[in-house]
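To start, the structure under review is shown below, and the notes come after it.
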Amino acid sequence: MRTFHFGTALPVIPEDMRAAFPLAVLLVAAACATSDEATPAPSTPSGPTRAELEAVDPATDPEPAPMPRALTDATLRLSAIDADEGEDGRGALVAAPDPIALDVERDAGWPGRAEDPSLHVGGLRFERYAFPAVTTLRFVAADQGALPMDAPVELHWGDDADATVALGTLSEARP
């Protein structure tokens, strides 16, 4: 039994018959022209498998270093801002009757992260932010009167507890 494989040799078609075949037929014939005799045997991989390479031996491999607590030196500052719109804390961008900037500052600046930060004020969540300075993340709330002043304020990156910064409450924030 003869089997055919894709594309290693061209079939021999007599010159006088080439004009009778459309180009597509010639290409298909060329793709199917090789047999098992011309196909090399597949090589067998050598060396360790991926599972063997990733296996951890507790006797010889040290414990992984714990992830450091994220950015505990950040501070929160509130300031009046002239803005036409801001977030309502529920995911919507709305007209801002009494906007306020929630600035989270860190002297060393903000390192790159895989996820964008979000600011949680009690049950409210602010996701749109800007960098008015290299050391500042700014979130804009549309209505300062709607913010719970004694609720905890936290900066989050995703759901990882090690990627959360506790900032106190709004009543403790610097003016």
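Here are some notes:
- Taking the criterion of being in contact with an Asp or Glu (Cβ under 6 Å, 6 or more places away or on another chain) and modelled with pLDDT of 70 or more, the residues of segment 45-92 that qualify are Thr75, Arg77.
- Residues that are modelled with pLDDT of 90 or more, small (Gly, Ala, Ser) and surrounded by 16 or more Cβ atoms within 10 Å (Cβ to Cβ) are absent from segment 123-139.
The values are calculated or read from the model by the stated rules, or taken from the named source; none is laboratory data. Since we're looking at a predicted model, the values are computed, not measured. Cβ atoms come from the backbone with ideal geometry, glycine included; neighbour counts cover every protein chain shown.
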